[in-house]
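Notes follow the structure.
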Amino acid sequence: MRYLLRRLVESLVTVMLILTVTFFLFRVIPGDPARILIRGPGITRDVIEHYERLFGLDKPLIVQFGLFVRETFRGNLGISFAYKTPVLELLFERMGNTLVLLVPATLISILLGLFLGVLAAWKRGRPLDFALQVISLGFWSIPTFWLGMIMIMLLGRTFSTGGMVTAGAAHGSIWAYLADLGKHMFLPALTLVLIMHGQYFMIMRSQLAEELTEPYTRTAKAKGMRPARILRSHVVPNAMLPITTLIALNLATLVAGFITIETVFSWPGIGKLVYRAILMRDYPVLQGILIFLSLSIVLANFLADILYTVLDPRIRYR
Amino acid sequence: MGEVLSVRDLRVVYRLPTATVEAVGGVSFSLAPGEILGLAGESGCGKTSAACALMRILPGTAEVRGEAFLEGTEILGLPEDEMSKVRWRRIAMVFQNAQAALNPTKTIGYQIAEPLQVHLGYSRRRALQEAGTLLERVRIDPKRLRDYPHQLSGGMRQRAVIAMALACRPAVLIADEPTTALDVMVQAQIIELLKELRDEYGLSLIYISHDLMLLSEICTRIAVMYAGLIAEVAPTGELFRKPLHPYTRKLLGAVTKLGFRAQRLETIPGSPPRLSPPPPGCRFASRCHRTTEACGREVPGLEPVEEGHAVACWNWRDDGAP
């Protein structure tokens with residue numbers, strides 16, 4: 001319990017630090033926010049001052065910071081320069097789209113990667129192990145956007161290559177909608193799985209190889225346990241401990257979207273929003289995404305720690 | 001012949017990328033029912049390699065040759081699947097470092113019950129019940145079934161590992177330095193316990209240790225190993241009374257004697273030979289004080305001297321003072 005409390009306090013301190021860094025980071029970037037906001041030729045001093053008052057940019061920096069922290073905690077992340085809508089609304093809308101694509105793709109990657117990792121570790125040193133390593137590492141090293149483009153070239157006729165659903169189509173039923181969504185999701189999801197499963201594969205394989213050298217696996221063998229049982233009951237559960245943390249952290253980064261995939265497949269998610277926000281210097285949006293991402297990583301870290309204490313008896317009683 | 005285990009010309013060769021090491025170079029011994037055979041020798045002399053070879057749990061880089069008859073069945077050539085039925089049911093092992101030998105994330109109960117479920121088809125419930133009985137037998141509160149290895153003390157962990165080894169009532173138990181990491185009081189307890197269990201379970205024991213005095217407490221017979229070979233084997237009393245191999249003599253000379261005034265401990269100068277490949281001739285020759293020409297030429301075989309006493313030395317008859 002005290003451990004939990006300590007971690008909670010630590011998390012809160014981290015959040016405060018993130019807010020501070022985020023705030024000042026965007027203040028030291030060259031360029032006057034008011035000018036960026038208006039973006040027109042021949043702006044008069046009056047107009048600039050009007051906008052500065054409107055957005056509170058005339059107040060001392062420390063006051064601005066106070067307001068920023070207060071508003072952030074109230075759930076107000078400001079207004080997008082480009083879309084002129086509240087950043088939070090924008091983020092939520094895009095995040096839904098991103099998660100529709102990334103959550104299933106990531107889960108499939110994890111399951112596939114871990115499964116292949118176990119397979120390779122079991123057959124380590126054999127041709128199957130070698131083949132799996134070549135394939136997984138190969139896909140992992142391919143630039144994502146390039147693989148995306150190749151996918152479009154190869155399978156673009158069969159599956160849709162842009163957007164989430166066919167633009168302007170009237171879907172008669174929820175099933176028709178889902179079918180259309182599936183047709184659009186398939187290629188980006190497949191690309192993601194091909195790219196992402198490799199890291200889970202490599203980590204599972206090396207973690208298992210390490211566990212297999214532990215003396216307790218020799219004990220299990222001496223006890224007459226067959227290899228499949230040793231893997232299933234002893235080695236894989238122990239190897240999963242560090243991997244659980246990794247998965248928790250990776251899941252946290254999903255909220256930031258996947259810029260290359262979303263851009264190549266015109267998927268209206270966070271990644272694509274980031275891309276556009278950078279092009280248009282939409283600082284409030286970038287700032288919002290940064291805060292969102294940091295918060296979800298802190299949260300995931302916190303949850304992973306709790307999960308770890310549940311999974312690993314050596315930590316539970318400390 | 002009434003032997004539980006009979007090992008003939010056991011060899012273990014490690015094929016490493018850089019070298020080929022002959023860890024065990026042709027060892028033969030037998031184990032009578034109820035007997036406690038000690039395997040003595042310094043680190044790296046092949047004691048543990050020989051034991052793990054019998055269990056067939058050496059890594060893939062190890063090549064095992066020879067024969068081992070366990071209750072009449074040759075086990076070194078058994079198919080892997082058959083062997084896994086022999087392990088723990090007929091021959092079990094207590095490992096050197098109980099902390100490492102146990103799975104850190106499984107309860108003691110799970111680890112003791114596991115072979116009962118797998119080999120004897122016990123239900124989980126019944127296996128755990130039996131595990132509790134076994135724990136009680138090694139004087140651990142059955143409540144500890146739910147504990148994890150790190151929650152037990154060193155002595156308790158070692159006793160839990162012994163309980164685990166007894167689960168399927170094996171005929172032969174190999175104890176590989178089971179007390180090395182423990183303090184002397186706990187050591188004595190474990191040795192007493194093993195003796196009791198031997199009588200109760202009708203076990204035959206192979207007790208591996210580098211500590212001759214400790215072995216003399218528990219063993220009926222002791223085989224002294226040096227550089228992968230047995231140098232001398234004799235009933236415990238006889239070995240201490242009448243050591244014939246120069247190595248045995250020097251080992252006994254290096255033992256601290258209680259009751260004498262503090263004296264400088266005798267040591268054996270030099271170190272064991274490299275075994276990649278082993279030198280021709282007697283492997284102790286480089287540290288021996290009475291080498292003859294034969295010693296450098298040919299490996300001496302184990303030569304019976306008396307009933308149960310054999311020695312591998314060309315010059316054991318020259319009973320000159322060392």
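The values are calculated or read from the model by the stated rules, or taken from the named source; none is laboratory data. The shown structure was predicted, so the numbers you read here are calculated from the model rather than taken from an experiment. Using ideal geometry, Cβ is built from the backbone for each residue, glycine included, and neighbour counts are taken over all protein chains shown. The protein model used for the area step is the full one, side chains on, heavy atoms only, and it has no ligands, DNA or RNA in it. Shrake-Rupley method; radii C 1.70, N 1.55, O 1.52, S 1.80 Å.
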Ranked by GNM mean-square fluctuation in chain A (Cα springs under 10 Å), the top entry among A:GLY138, A:GLY224, A:GLY257 is A:GLY224
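Show me the trypsin sites (Lys or Arg not before Pro) within segment B:274-322 that DSSP assigns to loop and that have at most 16 other Cβ atoms within 10 Å of their Cβ.
Passing sites in segment B:274-322 are B:ARG274, B:ARG290, B:ARG297, B:ARG317.
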Scan chain A and note any complete DSSP helix (H) whose C-alpha atoms cover at least 20 Å along its axis and whose Kyte-Doolittle average is 1.6 or more. A:87-122, A:283-311
Can you give the relative contact order of segment A:161-315 as a percent, counting alpha carbon pairs under 8 Å and 6+ residues apart? 23
For chain A, set up a GNM with springs between Cα atoms under 10 Å and report which of A:ALA167, A:ALA34, A:ALA256 has the largest fluctuation. A:ALA167
GNM on chain B, Cα springs under 10 Å; top mean-square fluctuation among B:SER204, B:SER28, B:SER49 goes to B:SER28
What ranking of A:THR213, A:THR244 comes out by heavy-atom accessible area, probe 1.4 Å, highest first? A:THR213, A:THR244
When a/c is below 1.5 the answer is rounded, else prolate if a/b is larger than b/c, else oblate, so apply that to segment A:218-318 with a ≥ b ≥ c taken from the square roots of the Cα gyration tensor eigenvalues. oblate
Percentage relative contact order, chain B, counting C-alpha pairs under 8 Å, at least six apart: 20
Can you give the helix-only mean residue ellipticity at 222 nm for chain A, where every DSSP H stretch with n ≥ 4 adds -39500 (n - 2.57) and the sum goes over all residues, rounded to the nearest 500 deg cm²/dmol? -24500 deg cm²/dmol
Antiparallel as a % of all DSSP beta bridges within the protein assembly as shown, to the nearest 5? 60
Okay, helix-only estimate at 222 nm for chain B: each DSSP H run of n ≥ 4 adds -39500 (n - 2.57), divide by all residues, round to 500 deg cm²/dmol; what do you get? -9000 deg cm²/dmol
Solvent-accessible area of A:LEU293 with every protein chain in place, 1.4 Å probe, in Å² to the nearest 10: 40
Roughly how many Å² of A:GLU210 are accessible to a 1.4 Å probe, to the nearest 10? 110
Which whole-number percent is the relative contact order of segment B:59-195 (Cα, under 8 Å, 6+ apart)? 32
Using a 1.4 Å probe and counting only protein heavy atoms, how much accessible surface gets buried when B and A come together, both sides summed, in Å² to the nearest 100? 2200
Coil-residue chymotrypsin sites (Phe, Trp or Tyr not before Pro) of segment A:218-318, DSSP, other Cβ within 10 Å capped at 15: A:TYR317
Per the 1.4 Å probe, what fraction of the accessible area of the protein assembly as shown, in percent, lies on carbon and sulfur atoms? 61
With charges set only on the Cβ (+1 for Lys and Arg, -1 for Asp and Glu), what does the dipole of segment B:175-310 come to about its Cα centre, in debye to the nearest 20? 800
Assign one of three labels to segment A:37-93, namely rounded, prolate or oblate, based on the Cα gyration tensor with a ≥ b ≥ c the square roots of its eigenvalues; rounded applies when a/c is under 1.5, prolate when it is not and a/b is larger than b/c, and oblate otherwise. oblate
Need one value: the accessible area of A:ARG70 in square angstrom, 1.4 angstrom probe, rounded to the nearest 10. 120
Assigning unit charges at the beta carbon (Lys, Arg +1; Asp, Glu -1) and nothing else, what dipole magnitude in debye, to the nearest 20, does chain A show about its Cα centre? 1100
Residue (of B:LEU116, A:ALA169, B:TYR247) at the positive-pole extreme of the protein assembly as shown, dipole from beta-carbon charges: A:ALA169
Extreme residue, positive dipole direction of the protein assembly as shown, given options A:ILE261, B:GLY72, B:LEU275 (C-beta unit charges): A:ILE261
With +1 on the Cβ of every Lys and Arg and -1 on the Cβ of every Asp and Glu, the dipole magnitude of segment A:1-83 about its Cα centre, in debye rounded to the nearest 20, is 380
Positive end of the dipole of segment B:163-295, charges at C-beta (+1 Lys, Arg; -1 Asp, Glu), about the Cα centre: which of B:GLY202, B:LEU229, B:VAL172 has its Cα farthest in that direction? B:LEU229
Report, as an integer, the average count of C-beta atoms from other chains found within 10 Å of each Cβ along B:78-91. 2
Angle between the Cα long axis of helix B:184-201 and the longest principal axis of chain B, 0 to 90 degrees, nearest 10? 70
Of B:HIS245, B:HIS150, B:HIS210, ordered by accessible area with the largest first and a 1.4 Å probe, the sequence is B:HIS210, B:HIS150, B:HIS245
